[in-house]
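Undergrad: So that we are looking at the same thing, I have put the structure below in structure tokens.
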């Protein structure tokens, strides 16, 4: 990994840390066999929905349109 740029190295390290934390928190990892294909799709869908919400929040902050309640 010495020839990878710093951004790629950072992401690889974050994936490793996330994997360790996820295994500790949930007791399983992505090698699990107890979910159906539809359940995996639902998990991915939920994660992407969260990501869209985070992106919208960031967009509002950057554009100065953040809603303060």
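The values are calculated or read from the model by the stated rules, or taken from the named source; none is laboratory data. Please read all numbers here as calculations on a predicted model, not as lab measurements. Quick reminder, even Gly has a Cβ in these numbers, built from the backbone with ideal geometry, and neighbours come from all protein chains shown.
Undergrad: Contact list please: Cβ distance under 9 Å, first residue in region 46-69 and in a helix (DSSP H, G or I), second residue at pLDDT below 95 and surrounded by 10 or more Cβ atoms within 10 Å (Cβ to Cβ), pairs at least six apart or on different chains.
TA: Short answer, once both residue conditions are applied: 57/66; 60/66.
Undergrad: Test each condition in (1) at pLDDT 95 or above; (2) surrounded by fewer than 11 Cβ atoms within 10 Å (Cβ to Cβ) for residue 3 and report the one that comes out false.
TA: All conditions are met except number (1).
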